[in-house]
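Before any comments, here is the structure.
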Amino acid sequence: MTRKQYFLSGLKDGMPICFGYFAVSFAFGIQAAGIGLSVFEASVLSALNVTSAGQFAALAIIASGASLIELAFTQLIINLRYFLMSCALSQKLSPSLPLGHRLGIAYGMTDEIFAVSQREPLSPFYSYGLIAVAIPGWVLGTALGAAAGNILPAVLTNALGIAIYGMFIAIILPPAKENRVVAGVVVLSMVLSALFTYLPVLCNISSGFRIIIITLITAGGAALLFPIPDEPAEPEKEMPHES
């Protein structure tokens, strides 16, 4: 396949992601406007971050007036999974691929883009096609949501603002039904979150550090107690040259 064909294939596969991103980022834009962010500020936040969980957590931290250090560490913990995804996809790239292309692919690394990038060999131009349609959908949804949040009635914006929680529930329920470990992690996370919200001492911990502590306990504990066994390495495939 040529570079153009890879790019067009990425555009096609990225359209469903774009539509999904638009709906979720619209809810994010509404909540961003609710804490006082302008349309421009919310849009820049989406363009530079590109992660729903990280951005929604950031809103709570920004609204609470927490420090930049707390914000940075929270984003690091929440988005650590992208390091693993990038390492996995790097195995599908040509060893001679320049660093610039690798950085370009890494910018658009999201859960959904990672899921549809499971092809070998992986062309950077396929990834650029995905990014070119998915990320603008995320940013545009944010901008329109932030604009709507400034003009729509509070009752309506509050209703639209819970859309993100529906997305998270849709993400965790299927694997929780199939895997007891995942279900246990979900339940433990809910219990710890409730404890950090209502117990006298724990409730004084800021929202950012709550996320960091709960993530380390649940995810770290599950990884330690229930490690996923290594899969046998597949024979290396020769990477074809792109025209």
Within region 94-125, considering residues that are without any contact (Cβ under 8 Å) to a residue 60 or more places away in the chain and aliphatic (A, V, I, L, M), the one surrounded by the most Cβ atoms within 10 Å (Cβ to Cβ): Ile105
For region 214-226, indicate whether the set of residues that are part of a helix (DSSP H, G or I), modelled with pLDDT of 85 or more and closer than 29 Å to Thr142 by Cα is non-empty. yes
Counting only residues that are touching a residue at least 12 places away in the same chain (Cβ under 8 Å) and among the β-branched types (Val, Ile, Thr), which one in region 22-58 is surrounded by the fewest Cβ atoms within 10 Å (Cβ to Cβ)? Ile35
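The values are calculated or read from the model by the stated rules, or taken from the named source; none is laboratory data. Values in this document were obtained by computation on a predicted structure and should not be read as measured data. Note that each Cβ is placed from the backbone with ideal geometry, even for glycine, and that neighbours are counted across all protein chains shown.
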